[in-house]
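The values are calculated or read from the model by the stated rules, or taken from the named source; none is laboratory data. Given the structure is predicted, the values throughout are model-derived calculations rather than measurements. Every residue, glycine among them, receives a Cβ derived from its backbone with ideal geometry; neighbour counts consider all protein chains shown.
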Amino acid sequence: MAAASSSPVSARRQARHVTVFLDVDGVLNSYPVPQLRLMTEGRKKLQAWDFELHYRPAVIEFFDRLVETHEVDVVWLSTWSRRCKTELEPKFGLRNSFDVIEMPDDTHNRYANDPEKWWKARAMEEWLDSHGHQRAVWIDDDLAAPVTRQYFTERYSAQRLKIIAPDFAHGLTKAHLKEIREFAHPRSKPSGDQHPGHEHAEQETDHA
């Protein structure tokens, strides 16, 4: 009986679970940021892999809190590759360590507008196709590339895959963080004809 009663909870948690695929440059790091913006945006500087990064600690804290309070995993999907774990995680001060999909070659983001060649696009499609109906958020400034963006929006519903393409000069904004949070924990909107217990309604709102 115990196993039977817990299965709906497990199924609900599995339906809620979201994997966030996270880039670094143009997302967390927006180098170079002018001094005035560094101050007004509360950004900090760090040195890693012979580069200077300008980042917002509040954004780093957001992802720590997200995995601690929601059914969310974060996976690094960046040309920083393993350095996300060996250099960036400790220097960002992350409390949690995330998995990483390593860059398989030296093409970096050369093919960002070609989903058949871009290594990140191949990794994302492989993950989506091998994980049933599991949901994902893909955050990368290079997703502004129209061909790649269209390729994924035509193949995967907005309820399955949330694509976020920050502007490189600013990275993730408060509006982006709100989108991510709402996708990770969708809430049904009040309605006069909605009845309690309609769990699936939470998964069908908020996302476009």
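Screening the stretch 99-132 for residues that are among the basic types (Lys, Arg) and under 18 Å from Arg155 (Cα atoms) and picking the one that is surrounded by the most Cβ atoms within 10 Å (Cβ to Cβ) gives Lys120.
Scanning the stretch 45-54 for residues that are touching a helix residue (DSSP H, G or I) at 6+ places or on another chain (Cβ under 6 Å) and within 13 Å of Asn29 (Cα to Cα) yields Leu46, Ala48. Could you grab the pairs with beta carbons closer than 9 Å, sequence gap of 6+ or different chains, first residue in the stretch 33-49 and within 15 Å of Glu87 (Cβ to Cβ) and touching a residue at least 40 places away in the same chain (Cβ under 8 Å), second one aromatic (Phe, Trp, Tyr) and not in a helix (DSSP H, G or I)? If the second residue must be aromatic (Phe, Trp, Tyr) and not in a helix (DSSP H, G or I), the pairs left are Leu46/Tyr55; Ala48/Trp80. Give just the number: which of (1) over 17 Å from Lys162 (Cα atoms); (2) in contact with an Asp or Glu (Cβ under 9 Å, 6 or more places away or on another chain) does Ala145 not satisfy? Looking at each condition in turn, Ala145 falls short on (1).
The number of residues in the stretch 121-152 being in contact with a Lys or Arg (Cβ under 9 Å, 6 or more places away or on another chain) and among the small types (Gly, Ala, Ser) comes to 1. Considering the stretch 178-201, and only residues there that are surrounded by 12 or more Cβ atoms within 10 Å (Cβ to Cβ) and assigned to a loop (DSSP other than H, G, I, E, B), the residue that is modelled with the highest pLDDT turns out to be His185. Cβ-Cβ contacts under 9 Å between residues 6 or more apart (or on different chains), taken from a first residue in the stretch 51-70 that is polar (S, T, N, Q) to a second residue that is not in a strand (DSSP E or B), are listed as Thr69/His185.
Yes or no: the stretch 142-150 includes at least one residue that is in a loop (DSSP other than H, G, I, E, B), among the acidic types (Asp, Glu) and within 16 Å of Leu77 (Cβ to Cβ).
First, the residues of the stretch 142-150 that are in a loop (DSSP other than H, G, I, E, B): 145.
With the extra rule that they be among the acidic types (Asp, Glu), the set shrinks to none.
No, every residue in the stretch 142-150 fails to be in a loop (DSSP other than H, G, I, E, B), among the acidic types (Asp, Glu) and within 16 Å of Leu77 (Cβ to Cβ).
Within the stretch 1-29, residues that are within 30 Å of Trp80 (Cα to Cα) and charged (D, E, K, R) have Cβ atoms under 9 Å from residues that are surrounded by 12 or more Cβ atoms within 10 Å (Cβ to Cβ) and modelled with pLDDT under 75 in these pairs: Arg16/Glu202; Arg16/Gln203, counting only partners at least 6 apart in sequence or on another chain. Restrict the check to the stretch 1-16 and report whether at least one residue is modelled with pLDDT under 95, loosely packed, with under 11 Cβ neighbours inside 10 Å, of a type in the set (A, V, I, L, M, F, W, C) and not in a helix (DSSP H, G or I). Looking for residues that are modelled with pLDDT under 95, loosely packed, with under 11 Cβ neighbours inside 10 Å, of a type in the set (A, V, I, L, M, F, W, C) and not in a helix (DSSP H, G or I), one finds at least one in the stretch 1-16, hence yes. Scanning the stretch 38-64 for residues being under 21 Å from Arg95 (Cα atoms) and charged (D, E, K, R) gives a total of 6.
The condition of being more than 21 Å from Glu102 (Cβ to Cβ) and part of a loop (DSSP other than H, G, I, E, B) holds for only one of Ala158, Ala175, that being Ala158.
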